[in-house]
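Asker: Just passing along the structure, written as structure tokens.
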Amino acid sequence: MLTIHQEWLMVAKTALSFLLGGLIGFERERRGVAAGIRTFGAIAMGACVFSLVSVHVGWPADPSRIASQVVIGVGFIGAGVFFRHGDAVTGLTTAATLWTSAAIGLAIAFNLYIVGVMTTVILLGVLLLSKMKWWKRISRKRR
């Protein structure tokens with residue numbers, strides 16, 4: 001049985017997961033991508049809650065089993081956001097960032113706060129690369 005303090009800690013982890021995922025979603029939403037703040041926040045938060053529940057259930061259940069199913073489930077969601085138009089494929093970055101948002105939620109649930117925050121920072125940095133002038137010179141993507 002959990003104490004009130006432990007449950008509030010779980011709520012804080014859930015909120016932090018949503019915030020980190022939402023930051024990534026904010027960047028995507030500003031670019032006009034369909035999956036935005038709500039989608040990314042919900043994925044990170046959902047992954048966190050699934051992980052928290054799996055840790056709480058404990059023995060004989062294996063928390064890694066639920067975490068692995070989150071990875072598979074979010075991969076399925078990601079597969080639905082990319083499309084092929086002739087030779088061009090769109091949505092791969094959104095799918096990858098959705099998947100990474102789930103990883104951020106898992107990290108927060110398993111008390112890996114620095115990993116979760118730094119993954120968010122790194123991912124936001126990667127997403128901002130395409131805004132750099134020099135990026136357009138080295139990228140082969142047609143704009």
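FYI, it's all coordinate maths here, none of it is from the lab. The structure presented is a predicted model; accordingly, all values stated were derived computationally and were not measured.
Asker: Would you kindly derive the ³J(HN,Hα) couplings of the range 16-22 from the backbone phi angles with the Karplus curve 6.51 cos²θ - 1.76 cosθ + 1.60 (θ = phi - 60°), listing them in order in whole Hz, with x for Gly and Pro?
Answerer: 4, 4, 5, 4, 5, x, x
Asker: Moving to a separate point now. If you line up the Cα atoms of the range 4-138 on their principal axes, what length do they span on each, largest first, in Å?
Answerer: Answer, in whole Å and largest first: 52, 27, 22 Å.
Asker: What percent do you get for the relative contact order of the range 4-138 when only Cα pairs under 8 Å and 6+ apart count? The partial results should precede the final answer.
Answerer: On the way: 181 pairs, mean separation 37.3, N = 135.
Computed value for the range 4-138: 28 percent relative contact order.
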